[in-house]
Amino acid sequence: MNINNFQNLDLEEYFKTDLKVKDLYRIRFRDNFSCRICDKSVKDNLNLTVTFKCPINLEGKTYDSNLWTLCNECVYIHKNFFGKNLNPKIIEKVFSEKTGSKRLKVLFYNLPNKNISSNILESIAGIKNWKKAIRKLKNKDNLDILWISQNNIFEKGYYIFKTKEN
Ligand SMILES: [Zn+2]
């Protein structure tokens, strides 16, 4: 795929899965039929969607670790973050890195003083110990990264890379 065309393409296309019913069921079952971001479930009368953590065409991952169950509201927020904040150049830089911690580092450098939700960071890192990776960036690379616990918008908290320029 040509990453330079990112802006011209419908964001929907990037998150569209081509899964069969039994695969969709497998992921929803794994996720306890609840949204992985806000924890609401079908019991809360929500529509749940199986979608990509990282847009498929960027990561080229089709396997389960890149799929998660989200409610429609969280799908919208997640997609919007990619659409608004990650222009093609940043995406290219972030995903040219081979490890999760390097992807996080590049992401923080390119989005200074911006609230980035835990979910976004987890999905971009694509590694289980993404929090540990962030702690390393703080302690070893001396990045001034703050963690803010949940508020109304970010139910699982968010991180912000503080720079002095602003
Ligand atoms: Zn949700």
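Return, ordered by residue number, the residues of the range 79-104 whose backbone nitrogen is under 11 Å from a label point located 7 Å along Cα→Cβ of Lys140.
Under 11 Å, as judged by backbone N against the label point of Lys140, lie 101-102 of the range 79-104.
Taking only DSSP H segments of four or more residues, each worth -39500 (n - 2.57), what value at 222 nm results for the chain once the sum is divided by all its residues, to the nearest 500 deg cm²/dmol?
Result for the chain, helices only: -12000 deg cm²/dmol.
In terms of the Cα gyration tensor, with a ≥ b ≥ c the square roots of its eigenvalues, is the range 101-166 rounded because a/c is under 1.5, prolate because a/b exceeds b/c, or oblate?
Working: a/c = 1.59, a/b = 1.06, b/c = 1.50.
In terms of gyration-tensor shape, oblate.
Taking the range 92-166, which GluC sites (Glu not before Pro) meet the DSSP loop condition and have no more than 13 other C-beta atoms within 10 Å?
Passing sites in the range 92-166 are Glu165.
Tell me which aspartates and glutamates have Cα within less than 19 Å of Lys140's Cα, excluding those fewer than 8 residues away on the same chain?
Counting by Cα, and skipping residues close in sequence, Lys140 has these aspartates and glutamates nearby: Glu97.
Quick one: dipole size for the chain, taken about the Cα centre, charges +1 on Lys/Arg Cβ and -1 on Asp/Glu Cβ, in debye to the nearest 20.
Working: 30 positive and 18 negative charges, 148 e Å.
Computed charge dipole of the chain: roughly 700 debye.
Since every read-out is calculated from the coordinates, none of them should be taken as a lab result. Model, not experiment: these values are computed from the prediction. Here the Cβ is made from the backbone with ideal geometry for all residues, glycine too, and neighbour counts use every protein chain on show.
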